[in-house]
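Read the structure below first, then the notes.
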Protein chains: 2
Amino acid sequence: MARKPSQTRAKATVNAIVEAGFIAMAERGPAATTTRQIADIAGVGVGSLYEYFDNKDAIFSVMSERFVADTVALIRPLIPTLVRMPISDAVRELLERFREFLQEGDGRYLNCVQYAITLDFEMYLDPLQTALSELVTQYLMHHPETLQIRSIPTMSYIMIHGGIFAVVRHLTEPNPPISFDELVEGLARMVGHYIEQEIALAKATRSELNAQTRGD
Amino acid sequence: MARKPSQTRAKATVNAIVEAGFIAMAERGPAATTTRQIADIAGVGVGSLYEYFDNKDAIFSVMSERFVADTVALIRPLIPTLVRMPISDAVRELLERFREFLQEGDGRYLNCVQYAITLDFEMYLDPLQTALSELVTQYLMHHPETLQIRSIPTMSYIMIHGGIFAVVRHLTEPNPPISFDELVEGLARMVGHYIEQEIALAKATRSELNAQTRGD
DNA sequence: TGCTTGTTCGGATTCAATTCGGAAAAATTA
DNA sequence: TAATTTTTCCGAATTGAATCCGAACAAGCA
């Protein structure tokens, strides 16, 4: 961003530009939107775009940042509730809320997720990963029995990334072979089973060790 | 593609262009590569690009197609072997081969996967999904006990998409928090546990039903 | 009100993608 | 082999979108 807006009028302009960006992006996708279109929708001159944004991509970047920040703002407050639920219910709840979030405000975000992958969005994914990692960490702390499972970082990595992308991919596909509810249910079960199985395994290993100790 | 090359010379230029595309893409990413660069690397005039490709994106599309086709060509022959292995070993084997595939030829593909998501690559992902679906189907048929598990399409969807993207994401990240081997191991365990748990569940349900039947 | 600073604008500029018409090379024919 | 047709190649010219810039306009302040 080339310059910070100081007056309220200027802040309104910046906001109008970002809003226009969302509208244009939802209509045609990022590749097909021109600076002129954004400017027209925002009701400002083309030149104004460059007062506050270094270039066209900078507008998209701010949009991505805003989207990710809003998503994180959705997740963070849910953490205390989620950590007290059974794991599969927590997954279900989280994804259900996410779906609602995408659909609110006439589904603008929904139209953008579709193109989000196209952008340098990845750069701005970090806060989301951090928030989800925090959720996982807190969950583990609230359920001490889960702390026995092996390689928690790996498990967490797979669940977060596999989960994010399975969901994003599903939202992106024009004709997904399964419904969103089925996806959510499947993810909930997958996570649930993994945890159960690992706990059972840890228990078995422990009792085996005990047996050996007694045997010697 | 505007015109088909008929002479061998022309086929060579088409090939040179696509190769140049891979080189340029690996160096600077797709957004920063210009038609002139591609032409220079390929050793042809800019105009020649447009003899065989409608536009710049068409070059990237062909690259994506080629990459996906090669990946499918990697997977297909592995299917007969994979379906005879325990599920987690099959996952390990598949991913190990995929890693080798990406690294061969001085890692050109490896540099491209990074940008693959950026392109309309998704359009060309279908064959890969189909191949993996086939793998899953054949696997299920070779292991009749797995046919009891619930909502196979959902499970298959999650494993394929979550898996693809977790792997792609890992390859893309500059400093992944876990190693590729850990990722592979985690995915293998996750899939393995899910299957085991579902089979156990099905068995439990069945014997419960039997008990009820006997009880009445 | 006069002065300074912030804001807006749209024509001018720049740069990359794409087009086009003809030259060179290869294939075909006589 | 020479003439003719087809295919291929090219790079200067065109086009259109992104970006820059300096004049004109508004806000804050004395």
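Where a number appears in this text, it was derived from the coordinates with a stated rule and is not lab data. Only a predicted model underlies this, so the values are computations on that prediction, with no experimental measurement involved. Glycine gets a Cβ as well: all are built from the backbone with ideal geometry, and neighbour counts include every protein chain shown.
In the protein assembly as shown, a dipole from Cβ-located charges (positive for Lys and Arg, negative for Asp and Glu) runs towards its positive end, and of B:Ala131, B:Gly29, A:Ala12 it is A:Ala12 whose Cα lies farthest in that direction.
Taking the Cα centre of segment A:61-215 as reference, the dipole from Cβ charges on Lys and Arg (+1) and Asp and Glu (-1) amounts to some 560 debye. Once the C-beta distance of A:Asp40 and B:Ala31 is scaled by a Förster radius of 30 Å, the resulting FRET efficiency is 0.80 to the nearest 0.05.
Ordering A:Gln197, A:Met155, A:Gly186 by Cα displacement along the dipole of segment A:155-201 toward the positive end leaves A:Met155 in first place; charges were set at the Cβ atoms of Lys, Arg (+1) and Asp, Glu (-1).
In order along segment A:3-15, the phi-based Karplus estimate (6.51 cos²θ - 1.76 cosθ + 1.60, θ = phi - 60°) of 3J(HN,Hα) comes to 8, 8, x, 9, 7, 5, 4, 5, 4, 4, 4, 4, 4 Hz; Gly and Pro are listed as x.
Sites listed here are trypsin sites (Lys or Arg not before Pro) in segment B:24-101 whose DSSP assignment is loop and whose Cβ has at most 13 other Cβ atoms within 10 Å: B:Arg84.
Here's the list of lysines a cross-link from B:Lys56 could span, going by alpha-carbon distance under 23 Å and ignoring same-chain residues fewer than 8 apart: A:Lys56, B:Lys4, B:Lys11. Fewest-first ordering of A:Arg108, A:Arg189 by other beta carbons within 10 Å of each residue's beta carbon gives A:Arg108, A:Arg189. Footprinting exposure proxy ranking of B:Lys11, B:Lys4, fewest other C-beta atoms within 10 angstrom first, gives B:Lys4, B:Lys11. Ranked from shortest, the separations from the 7 Å Cα-to-Cβ label point of A:His142 to its equivalents in the other copies are 4.2 nm.
Shielding by partners for peptide B:140-153, expressed as the average number of C-beta atoms from other protein chains within 10 Å of each residue's C-beta, is 1.
Taking the label point 7 Å along Cα→Cβ, B:Ala12 and its counterparts in the other copies are spaced 6.6 nm apart, in ascending order.
Each residue of segment B:184-196 is assigned a 3J(HN,Hα), and the resulting list reads 4, 4, x, 4, 4, 5, 4, 4, x, 4, 4, 4, 3 Hz, derived from the Karplus form 6.51 cos²θ - 1.76 cosθ + 1.60 (θ = phi - 60°), x at Gly and Pro. Shown for B:Asn210: label points 7 Å from Cα along the beta-carbon vector, and their distances to the equivalent points in the other copies, 3.0 nm in ascending order.
Taking the Cα-to-Cβ direction at B:Phe101 and at A:Asp181 and moving 7 Å from each Cα, how far apart do the two end points lie in nm? Roughly 3.6 nm, to one decimal. For chain A, the longest principal axis of the Cα atoms and the long axis of helix A:152-172 meet at an angle of about 40 degrees. Between B:Lys56 and A:Leu201, the modelled label-to-label distance comes to 4.8 nm, taking each label 7 Å out from Cα in the direction of the beta carbon.
Residue-wise HN-Hα couplings along segment B:82-99, as the Karplus relation 6.51 cos²θ - 1.76 cosθ + 1.60 with θ = phi - 60° gives them from phi, are 4, 5, 9, 9, x, 3, 5, 5, 4, 4, 4, 4, 4, 5, 4, 4, 5, 4 Hz; Gly and Pro carry x.
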